[in-house]
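Student: My structure is below; once you've seen it, I'll send some questions.
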Amino acid sequence: MNTKLNSFVVADPRKCIGCKACELACAVVHADSDGKTVGTVETPIMPRLFLVKTAEVTMPIQCRHCEDAPCANACPVDAISQVDNKILINTEACVGCKTCMMACPFGAMDLVPKYKDGQVVTQNGLMSETEDGLVEKEVMLAHKCDLCVDQPNGPACIRVCPEKALELIVPKQVKRKRNVEAATNFLDSVKNFFD
Amino acid sequence: MTVKTEGIIKIDKELCTGCRRCTGVCPVDAIEGEKGQPQTINVERCVLCGQCVQICSAYASAFDEDIAPREQKMEERNMLPSVKEPLFASYYTGHAPTVKKVLVNNSLFTMVQCAPAVRVAIAEEFGMPLGSLTPGKMAAALKKLGFNRVYDTNFTADLTIMEEGNELIKRVTEGGVLPMFTSCCPAWVKFIEQDYPELIPHLSSCKSPQQMAGALFKTYGAQVDGVDAAKVYSVSVMPCVCKKFECERPEMKDSGYRDVDVAITTRELAQLIKDAGIDFNGLPEEEFDKPLGTYTGAGTIFGATGGVMEAALRTAYELITKQEIPDVNLKLVRGVEGVRTADVKVGDLTLKVAVVAGLKNVIPVLEAIKAGKADFHFIEVMTCPVGCVSGGGQPKVLIPDEQANAYTNRTCNTYVHDENMEYRKSHNNPEIKKIYEKFLVEDNIHHLLHTKYTPRR
């Protein structure tokens, strides 16, 4: 049995300046174009982490790769599963039902149109009524952080953050660190504790 | 003095998140605002270098329903409706739709010029590797777009060297104001005019290559083709946003008309090429037109920091000593440091030169000059971090760690281009020799190729 806890990326809201460099890099490394400049981008920017900016807080929110992932447990077509300690979406199976979106307590799940070779992919039968008449409706897919599973250098958001506000959390390491801190603190107060 | 392109660089209030990264690259502290709030640009201070446009990552999300529609934003920015790329908070108002209209106007005779740094960057917008060198494809694309003459700013870069080289020799030998400053970077010129007007006499009186080309298109160029100068429409393609400002300076009409009618950036040219459905990557290479499109390696290195200095030294050496320069590669003025200095032996004379890249780096140098503590003869200044290859109008790199790579490759290929040119010294350019024989005389040289500057305070 694999008892290793899933890692996830989280931003320090005290450091985040809200520049959206993470969102942009996220969208770029997941796009199927290998262009390096803005002019090569022909599809909308579709990040997998989402900047929150309110009067109180500025930081991006992204998937926690929950151990008991509500999105996966709610998915009616088993399109979400855990692979190598990451919660991943099988977009081939996704039907765009939005149940995962509703189930996620972080709002980390999005639904976005499917693009292939710079063109939006449309459905076989379902039509949508628009100002231009009936058009084929685009395929919509669940969309969230995959921890840059295909990136050799790890999550792009962490790499590009100019404030180094994003961090890959390895839960057991953090727990271990906390244990050591607690023990050290305890040593200082041990006298009062045991008399 | 207010020029209408002042304020051409703007920050979209709906998109700006107030991260203030742009304030870190603005060389003149022209960006104002509270942290976390939308920023504004002080147009009096702004030198239109466009570095804020390059760093901005606050893009407009296609799925954000709380902001004005993309079509509206594109219209405000004067972009071609066919453009698909994402929009960012910091932007410049474009001129591509103007050029598109002009190209279908048969009553006009269109002439275009391309700055040195455009040819090492434009292919990036079509997915080619960063810094790809494609002068032939660029010339072919401009012909396909329908320009009647595809000329080159590199030709007038060579001409600038002839004029500026002679001006330097004159100042050094006849006791003129020294050090002499280069004058090809319009942001640097605006900066001197507004922040150091007392140093204006140090600026070379030479117009920039863009403006020399503009003045020649509607005089010599019109003569060559036997067309009415009034019908010539002059377009420039620049790696620079400030060139839009420069071409609209009120005095830039020495041909009798607006010398450069409109300046577009490298990015805008790529957008025009895509709009016309031209397959850039598949284009067979073509030549620039003669006579105003013939250039040397010295002209093309203007795109890199130190390039104007190197080109000037190649020519000054040979004009002063009447001997061939021992090594045409003057590597001592190349590099990426903000300030580089060198002593260059030119016959009996030792020329003390400095090269500055990044406008902020020039301030200590200017203060030293004012204090009488700098004995340079000649100083090249470029506003952008490593010269025009890193200009505000160049393709915007998506991933920040790849920007350094882009700059290195663009610079490297600029020198590769120089090394592979038949002629590498401006005074050897056959069309430069010809224009001095056939057209340029003392009177029109002063009128067409030189200018005056305006204190702005």
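Computed from the coordinates by the stated procedures, all read-outs in this text should not be read as laboratory data. Treat the numbers as computed from the prediction; the structure is a model and nothing was measured. Don't worry about glycine lacking a Cβ; one is built from the backbone with ideal geometry, like all the others, and counts go over all protein chains shown.
Student: What is the Cα coordinate range of the range A:46-122 on the first, second and third principal axes, sorted by size from largest, in whole angstrom?
Tutor: The Cα atoms of the range A:46-122 stretch 39, 34, 23 Å along the principal axes, largest first.
Student: Quick one: Karplus J couplings for the range B:147-156, per residue in order, coefficients 6.51, -1.76, 1.60, θ = phi - 60°, nearest Hz, x for Gly and Pro?
Tutor: Per residue, the Karplus-derived 3J(HN,Hα) values read 5, 5, 10, 9, 9, 9, 4, 4, 4, 7 Hz.
Student: Out of B:S61, B:L48, B:F88, whose Cα points farthest toward the positive end of the dipole of the range B:1-93 (charges: +1 Lys, Arg; -1 Asp, Glu; placed on Cβ)?
Tutor: B:L48
Student: Here is a further query. Would you tell me the mean number of C-beta atoms belonging to other protein chains that fall within 10 Å of each C-beta in B:392-401, as a whole number?
Tutor: Mean shielding count: 5.
Student: As a check on your grasp of the helix formula, calculate [θ] at 222 nm for chain A: sum -39500 (n - 2.57) over DSSP H runs of n ≥ 4, divide by the residue count, round to the nearest 500.
Tutor: Only helices count here, giving -7500 deg cm²/dmol.
Student: Please state the Cα pair-distance histogram of the protein assembly as shown with 20 angstrom bins from zero: what percent is in each bin?
Tutor: Answer for the protein assembly as shown: a P(r) of 18, 46, 26, 10, 1, 0 percent.
Student: Here is a follow-up. Using modelled backbone amide H atoms (1.01 Å from N, in-plane), which distant-in-sequence or interchain residues come within less than 5 Å of B:M180's amide H?
Tutor: Counting only residues 5 or more places away or on other chains, the set is B:F378, B:I379.
Student: For the range B:108-183, just the Cα set please: Rg and Dmax, both in angstrom.
Tutor: 17.4, 52
Student: Report the number of Lys pairs in the range B:295-433 whose alpha-carbons are under 30 Å apart, with separation of 8 or more residues or on distinct chains.
Tutor: Qualifying lysine pairs in the range B:295-433: 27.
Student: Sorting B:T182, B:T383 on the 10 Å Cβ count, fewest up front, what's the list?
Tutor: Ascending number of Cβ neighbours within 10 Å: B:T182, B:T383.
Student: Efficiency by 1/(1 + (r/R0)^6): what FRET value for B:E287 and B:Y436, r their Cβ-Cβ distance, R0 = 22 Å, to the nearest 0.05?
Tutor: According to the calculation, E is roughly 0.45.
Student: Which listed residue (A:M46, A:L88, A:Q62) has the Cα farthest towards the positive end of the charge dipole for the range A:1-112, taking +1 on Lys and Arg C-beta and -1 on Asp and Glu C-beta about the Cα centre?
Tutor: About the Cα centre, the residue reaching furthest to the positive side is A:Q62.
Student: Across 10 Å bins from 0, what is the distribution of all Cα-Cα pair distances for chain A, in whole percents?
Tutor: Going out from 0 Å in 10 Å bins, chain A shows 8, 27, 32, 19, 8, 3, 2, 1, 0 percent.
Student: Quick one: which of B:103-115, B:227-239 comes out on top by average Cβ neighbours within 10 Å, and what's the full order, highest first?
Tutor: By packing density, highest mean first, the sequence is B:227-239, B:103-115.
Student: Moving on. Just checking chain A: which Cys have no other cysteine's beta-carbon under 4.7 Å?
Tutor: By the Cβ distance rule, which asks for a partner under 4.7 Å, the isolated cysteines are A:C16, A:C26, A:C66, A:C75, A:C94, A:C97, A:C104, A:C148, A:C161.
Student: Right, next: Please state the charge dipole magnitude for the range A:75-127, taken about the Cα centre, from unit charges on C-beta atoms (+1 on K and R, -1 on D and E), reported in debye and rounded to the nearest 20.
Tutor: 120 debye
Student: Which entries in the list A:K116/B:K100; A:K15/A:K98; B:K170/B:K243; B:K170/B:K207; A:K114/B:K84 go over 21 Å, if you measure between the two C-alpha atoms of each?
Tutor: Cα-Cα > 21 Å for A:K116/B:K100; A:K15/A:K98; B:K170/B:K243; rest within.
Student: What is the Cα coordinate range of the range B:237-342 on the first, second and third principal axes, sorted by size from largest, in whole angstrom?
Tutor: The principal-axis extents, from largest down, are 49, 40, 34 Å.
Student: Can you tell me the dipole magnitude for chain A around its Cα centre, using point charges on the Cβ only (Lys, Arg +1; Asp, Glu -1), in Debye to the nearest 20?
Tutor: In total the dipole reaches around 980 debye.
Student: For chain B, what does the helix formula give at 222 nm: sum of -39500 (n - 2.57) over DSSP H segments with n ≥ 4, over the residue count, nearest 500 deg cm²/dmol?
Tutor: Only helices count here, giving -9500 deg cm²/dmol.
Student: Ordered by packing density, taken as the mean number of other Cβ atoms within 10 Å over each peptide's residues, highest first, how do A:60-67, B:240-247, B:260-267, B:361-368 rank?
Tutor: Answer by packing, highest mean first, reads B:240-247, B:260-267, A:60-67, B:361-368.
Student: What translational diffusion coefficient, in µm²/s and rounded to a whole number, does the Stokes-Einstein relation yield for the range B:149-449 at 37 °C and a viscosity of 0.692 mPa s, taking the hydrodynamic radius as the Kirkwood radius over Cα pairs?
Tutor: Estimated via Stokes-Einstein, D reaches 166 µm²/s.
Student: Let me confirm one metric for peptide A:43-54, namely the mean number of other chain beta-carbon atoms within 10 Å of its residues' beta-carbons.
Tutor: Per residue, the number of nearby Cβ atoms from other chains is 3 on average.
Student: With +1 on the Cβ of every Lys and Arg and -1 on the Cβ of every Asp and Glu, and nothing else charged, how large is the dipole of chain B about its Cα centre, in debye rounded to the nearest 20?
Tutor: 240 debye
Student: How big, on average over all directions, is the shadow cast by the Cα convex hull of the range B:1-93, in nm²?
Tutor: Directional mean of the projected Cα hull area for the range B:1-93 stands at 6.2 nm².
Student: For B:Y407, B:Y196, what ranking results if the residue with the fewest other Cβ atoms within 10 Å of its Cβ goes first?
Tutor: Ordered by Cβ neighbours within 10 Å, fewest first: B:Y196, B:Y407.
Student: D for the range B:407-457, whole µm²/s, Stokes-Einstein with Kirkwood Rh over alpha-carbon pairs at 25 °C and 0.890 mPa s: what number?
Tutor: So the translational diffusion coefficient is about 172 µm²/s.
Student: Under the Karplus relation 6.51 cos²θ - 1.76 cosθ + 1.60, θ = phi - 60°, what is the ordered set of whole-Hz ³J(HN,Hα) values for the range B:115-122, x standing for Gly and Pro?
Tutor: Whole-Hz 3J(HN,Hα) from phi for the range B:115-122: 5, x, 6, 5, 6, 9, 9, 4.
Student: Hey, another quick one. With the contact rule set at Cα under 8 Å and sequence spacing of 6 or more, what percent relative contact order holds for chain B?
Tutor: Over chain B, the number comes to 21 percent.
Student: If I model a spin label as a point 7 Å beyond the Cα along the Cα-Cβ vector, how far apart are those points for B:C412 and A:D84 in nm?
Tutor: In this crude spin-label approximation the distance works out to 3.0 nm.
Student: Straight distance only, please: which lysines reach the Cα of A:K4 with their own Cα at less than 24 Å, same-chain residues fewer than 8 apart left out?
Tutor: Leaving aside lysines fewer than 8 places away in the same chain, those within reach of A:K4 are A:K86, A:K144, A:K172, A:K175, A:K177.
Student: Please turn the phi angles of the range A:29-38 into ³J(HN,Hα) values with the Karplus equation 6.51 cos²θ - 1.76 cosθ + 1.60 (θ = phi - 60°), one per residue in order, whole Hz, x for glycine and proline.
Tutor: 6, 8, 6, 8, 8, 9, x, 9, 10, 4
Student: Now a separate question. Under the definition of partner shielding as Cβ atoms of other protein chains within 10 Å of a residue Cβ, what is the mean value for peptide B:12-21?
Tutor: The per-residue average across the peptide is 3.
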